[in-house]
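A short write-up of the structure that comes next.
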Number of protein chains: 2
Amino acid sequence: MADYKHILVAVDFSSESRVVVNKALEIARRNKAGLTLIHVVEYTGAVYAGDIPLPEDLELDQRLADQAKGQLKAMTEELGIPDAAQVVEIGVPKREIVRMAVERKADLIVIGSHGRHGLQLLLGSTANGVLHLSECDVLAVRVGKNGA
Amino acid sequence: MADYKHILVAVDFSSESRVVVNKALEIARRNKAGLTLIHVVEYTGAVYAGDIPLPEDLELDQRLADQAKGQLKAMTEELGIPDAAQVVEIGVPKREIVRMAVERKADLIVIGSHGRHGLQLLLGSTANGVLHLSECDVLAVRVGKNGA
């Protein structure tokens, strides 16, 4: 029976990210699979102030990406997996996650998924988009159960 | 680290159902978790002929449910897990699946998910709905990769 060989886990540095990464790590260990952590800095071209799109701020994107690299590194060191592959991309999260899954030949994507209330509906849309676009299995880890 | 304790797997008797059930079974074994198979007979009240809803056919629903029970039984016997819990419900698939997950205290739902092309978009909507409604983790197993 085919086990998972490479797992891609999406990290957003929310307070619940650790739960998601821990779950991915556990599955990777059980399957003796590779693990890649990805964080996507949302492309600022997509940020609107009212009806007016703000000008792109490529420098800000890059600064956020550099910062995210440091956060990923700190997270993997804390989890005792400093050698896990880490990537930071700038773009639309669902698309970058799915693209990276193909690039790394991942056969499982692990992603946090929020409940359906209020703001969480927006936050959950990345998991939803990944589910739609992905060519591989997707594990949506439910986080923020208490509406936090 | 918390393992999964009870896994609910949704079965639609498509040709790919076996892949999905096998994956759920493998996860159940690794986690020493309980396993419940569920099939939902789509409530015929939801079937429309053009713009005109057909009258409900509760007798047909019941006949389909009885038939599904036999199919589930045959499937579990073939897989060597005749003692796995099996339920057949009549209703809206995503709602019945999520309801049963709560009832059985499942902490993981395993469900097949089709690609996003053509008819598969419709078929994939149950996985999507479950992802939205569920309070527990959801593993969407990608089936029908070749557009079959």
Filtering region A:127-140 down to residues that are under 17 Å from A:Val40 (Cβ atoms) and surrounded by fewer than 23 Cβ atoms within 10 Å (Cβ to Cβ), which residue is modelled with the highest pLDDT? A:Leu133
Candidates B:Lys94, B:Lys69, B:Lys105, filtered to the one that is at pLDDT 90 or above and farther than 25 Å from A:Val138 by Cα: B:Lys69
Which count do you get for residues in region B:6-47 that are crowded, with 16+ Cβ neighbours inside 10 Å, of a type outside the set (A, V, I, L, M) and more than 14 Å from chain A (Cβ to nearest Cβ)? 10
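The values are calculated or read from the model by the stated rules, or taken from the named source; none is laboratory data. Since this is a predicted model, take the numbers as computed values, not measurements. Here the Cβ is made from the backbone with ideal geometry for all residues, glycine too, and neighbour counts use every protein chain on show.
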